[in-house]
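Each remark here refers to the structure printed beneath this line.
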Amino acid sequence: MDNRPIGVFDSGIGGLTVLKEVMEQLPGEDIVYFGDTARIPYGSRSKETVIKYFLESVTFLLTKKIKAIVIACNTASALAMEEARKVFDIPMIGVIDPGARAAVGATRNSKIGVIGTEGTINSQAYQKKIRRMLPMAEIIGISCPLFVPIVEEGWENTDVAYITAQKYLLELKEHNIDSLILGCTHYPALRYTIGKVFEDKVTMINPAYETAKATKIMLKELDLISNKLDGGKCSFYVSDDPEKFKRIGGNILRKEIAPIEKVEIEDI
Ligand code: DGL
């Protein structure tokens, strides 16, 4: 048993989709969420930069006496988790493994699509993981950079979202994929629109949900589960003005986010 909080990291707001799942599946856990809102997006940055930012973010989270880290950000999981594991001696779980595993379990025709940021798709992290479990899999990765601003604008169920999704996802449709990994924190918000593009003929894998499930298993295995059954508290930290985080984040979590504290990233 361990009642210290879990640290949840994201490059910004999108990781709240993961936080939401963790809160639902582990209601007794206290959580410290850090969103690196001053330096978002991670998705278009180089591997070196993502590693630097992520290591600094973990350094901050460790000051909060956390017992484990959930990397909600797909880009950081893909580009920086390996490096962070070498540097920090704390249990860490990213979204790639759980998402890839679920896709392998779901596919019937071994044709799997992965969508995410440029960083995540170009890293091949999901593709490599899937291939290790299902060597004959045909995996098509597409980066969809416009999806993040569309969701942050609150336009996920509009014509703009639908037309954009049609364009990005055409190749995946042509390949007749039967499973699709929503490999970016923001994309679960586009579920409905993406489902419409595929005429509801693909199984969508939400790494946020899968990661929360895997986090529970990890904490149990390491005997790190809290002894509270519910009533876990969440504190929020961001590296830029909390106002936008509060507004958009409130929509994602469907409740008011407070208190939010600003962290001076240069001081880390
Ligand atoms: N959180 C990022 C991810 O899941 C998306 C936003 C960004 O580019 O930083 O990849």
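For the peptides 207-220, 11-24, residues were scored by their other Cβ atoms within 10 Å and the scores averaged per peptide; the highest-first order is 11-24, 207-220.
Derived scalar couplings between HN and Hα for segment 138-153 equal 9, 10, 10, x, 10, 8, 10, x, 6, 5, 4, x, 4, 5, 5, 7 Hz in order, rounded to whole Hz, by the Karplus curve 6.51 cos²θ - 1.76 cosθ + 1.60 (θ = phi - 60°), x for Gly and Pro. Annotation: average projected area of segment 142-223 is 6.1 square nanometres, based on the convex hull of Cα atoms across all directions. Where does the charge balance sit around residue 153 when Lys and Arg score +1, Asp and Glu -1, over other residues with C-beta under 15 Å from its C-beta? Result for the neighbourhood of residue 153: -1. Highest mean first, the peptides 162-171, 131-140 sorted by other C-beta atoms within 10 Å per residue fall in the order 162-171, 131-140.
Shown here are the Rg and Dmax of the Cα trace of segment 120-186, at 13.3, 39 Å. The residues neighbouring residue 178, those whose beta-carbon lies less than 9 Å from its own, together hold a net charge of +3 under the Lys/Arg +1, Asp/Glu -1 convention.
Proximity of backbone amide H atoms, modeled 1.01 Å from N, is registered between residue 68 and 7 at under 5 Å, excluding neighbours fewer than 5 places apart on the same chain. Shape analysis of segment 4-69 yields a ratio of the Cα radius of gyration to the Kirkwood radius, Rg/Rh, of 0.99.
Between 0 and 90 degrees, the angle of helix 159-174 with respect to the longest Cα principal axis of the chain falls at about 60 degrees. For the chain, adding -39500 (n - 2.57) for each run of n ≥ 4 DSSP H residues and dividing by the number of residues yields -14000 deg cm²/dmol at 222 nm.
Between residue 247 and residue 82, the simple label model (points 7 Å from Cα in the Cβ direction) yields a spacing of 4.0 nm. Rounded to the nearest 20 debye, the dipole size of the chain about its Cα centre is 640 debye, using +1 on the Cβ of Lys and Arg and -1 on the Cβ of Asp and Glu.
Each semi-axis of the equivalent ellipsoid for the chain is √(5λ) with λ an eigenvalue of the Cα gyration tensor; in descending order they amount to 28, 21, 18 Å. In the distance distribution for segment 1-155, Cα-Cα pairs more than 25 Å apart total 31 percent. Measuring from centroid to centroid over Cα atoms, what is the spacing of segment 19-59 and segment 251-268 in Å? Centre-to-centre (Cα) distance: 12 Å. Around the amide H of residue 203, modelled in the peptide plane, lie the amide H atoms of 179, 180, all under 5 Å away and 5 or more residues distant in sequence or on another chain.
Taken together, the values in this text are just the output of simple stated rules run on the coordinates, not laboratory data. Because the structure is a prediction, the values reported are computed rather than measured. Glycine gets a Cβ as well: all are built from the backbone with ideal geometry, and neighbour counts include every protein chain shown.
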